[in-house]
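Asker: So that we are looking at the same thing, I have put the structure below in structure tokens.
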Amino acid sequence: MNKEEFLIKQTRDVIEIFEKYGNITPIFSILYDDGSTDSFATDLGSDLLKGAFSFFMRSVCKDPRVIASIFKTTGWISSQADKENKRPSECADREETVMAIYNTRDHHHKMLLYKKTKNSKLKLETSINDFGGRFGDPFYNGGLTKEEKAKAIEDFQEYARETLCYAFEKFDMMTHMIFFLEDTPEQVCILRITEEEWNNKYRLSEIIQTKCYDVETLAFLMAYPMENEMVDIIQVAEDLQMIYHYRMDHSNRKLEFENSETYNGEYSDYLKSDIKIIGTKDPFGGPSNIQTFFKI
């Protein structure tokens, strides 16, 4: 089977499956360079699971033998998404659609959008070649080279730690903060974690992992005060995990650096591909939330 035959078969399956069952199970199908195919079905019941499956798709497409892929699922479209900087599912004008997202290793892209007709059949609404989103292109691994990523991560951890030191000098206090480094024009996303979120370790884990499943996320840094007037700052990237210990000097309103060491704690695996493919089990002993991919 070649790429053209693969696309024709997969899009024909979308219509046949919907007309037979009235819905589409999210299915990711791939074409190998020898003409063989493979497919994986999943459940996308939460943002965390969507992120996990998106990462799984990109991990599969790292195999050089995979030359094309298609992802079939229900979804949302909105004309206001870009203007409001929201996902289509969050917009008031959202419309439900069935989509087939096709990509190849040599950069051919196509998104086919179908709408349900009155007699419960699918009608092709539009076909576009320029699109994004977490399921957009599993062959895409970010815009930075490996060397540029390493430099960006080094600059990021210095910037974040300097920002925290400045904030303590300014306000003489420290709160729970998370900095995410992204391969985007904005580069850094900062989240302030409330006391309630911090104490709910399962929810905190979900917040971090959801962000880490985005292809743009390169590293994150967490800062939190300790009971002994210390501040711990954890830096996590795919190849390097460190923890920095600072002492709060309230008399001078300074964070005094004490020491640093390699970090190997509950957050250290969040950007490692082998862990993220396995699943999303709560590392704090809360309810298990393991993602299962069904090979079909």
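The values are calculated or read from the model by the stated rules, or taken from the named source; none is laboratory data. No experiment lies behind these values; they were computed from the predicted model shown. Virtual Cβ from ideal backbone geometry, glycine too; neighbours counted across all protein chains shown. In case anyone asks, the SASA skips ligands and DNA or RNA and just uses the protein heavy atoms, side chains included. Shrake-Rupley method; radii C 1.70, N 1.55, O 1.52, S 1.80 Å.
Asker: I'm told TYR114 meets every condition in (1) farther than 23 Å from TYR140 by Cα; (2) open to solvent by less than 20 Å² (accessible area, probe 1.4 Å); (3) of a type outside the set (S, T, N, Q); (4) in a helix (DSSP H, G or I) except one. Can you identify the failing condition by its number?
Answerer: Condition not satisfied by TYR114: (4).
Asker: Would segment 167-182 turn up any residue that is assigned to a helix (DSSP H, G or I) and either within 18 Å of ILE234 (Cα to Cα) or within 19 Å of the chain's Cα centre (by Cα) (or both)?
Answerer: yes
Asker: Select, from ASP155, ASP130, ASP137, the only residue that is without any contact (Cβ under 8 Å) to a residue 40 or more places away in the chain, out of contact with any Ser or Thr (no Cβ under 8 Å at 6 or more places or on another chain) and surrounded by 19 or more Cβ atoms within 10 Å (Cβ to Cβ).
Answerer: Exactly one of ASP155, ASP130, ASP137 is without any contact (Cβ under 8 Å) to a residue 40 or more places away in the chain, out of contact with any Ser or Thr (no Cβ under 8 Å at 6 or more places or on another chain) and surrounded by 19 or more Cβ atoms within 10 Å (Cβ to Cβ), namely ASP137.
Asker: Could I ask something else about it? What pairs come up if the first residue lies in segment 222-233 and is within 18 Å of LEU181 (Cα to Cα) and in contact (Cβ under 8 Å) with a residue 40 or more places away in the chain, the second is outside any strand (DSSP E or B) and hydrophobic (A, V, I, L, M, F, W, C), and their beta carbons are under 6 Å apart, counting only those six or more places apart or on different chains?
Answerer: ALA223/LEU164
Asker: Right, another one. Please indicate, with yes or no, whether at least one residue in segment 120-127 is farther than 30 Å from THR11 by Cβ, among the small types (Gly, Ala, Ser) and open to solvent by less than 90 Å² (accessible area, probe 1.4 Å).
Answerer: no
Asker: Among the numbered conditions (1) touching a residue at least 40 places away in the same chain (Cβ under 8 Å); (2) among the acidic types (Asp, Glu); (3) closer than 21 Å to PHE139 by Cα, tell me where ASP63 comes up short.
Answerer: Unmet for ASP63, out of (1) touching a residue at least 40 places away in the same chain (Cβ under 8 Å); (2) among the acidic types (Asp, Glu); (3) closer than 21 Å to PHE139 by Cα: (1).
Asker: Filter segment 12-48 for residues that are part of a helix (DSSP H, G or I) and open to solvent by 20 Å² or more (accessible area, probe 1.4 Å) and give the result.
Answerer: Correct list: ARG12, ASP13, ILE15, GLU16, ILE17, GLU19, LYS20, TYR21, ASP47.
Asker: Filter segment 140-155 down to the residues that are at pLDDT below 85, over 13 Å from ASP239 (Cβ atoms) and not β-branched (Val, Ile, Thr) and list them by number.
Answerer: Scanning segment 140-155 gives TYR140, ASN141, GLY142, GLY143, LEU144, GLU148.
Asker: For segment 213-262, which positions are in a loop (DSSP other than H, G, I, E, B), under 22 Å from LYS149 (Cβ atoms) and open to solvent by 20 Å² or more (accessible area, probe 1.4 Å)?
Answerer: Result: ASP214, VAL215, GLU216, GLU238, ASP239, LEU240.
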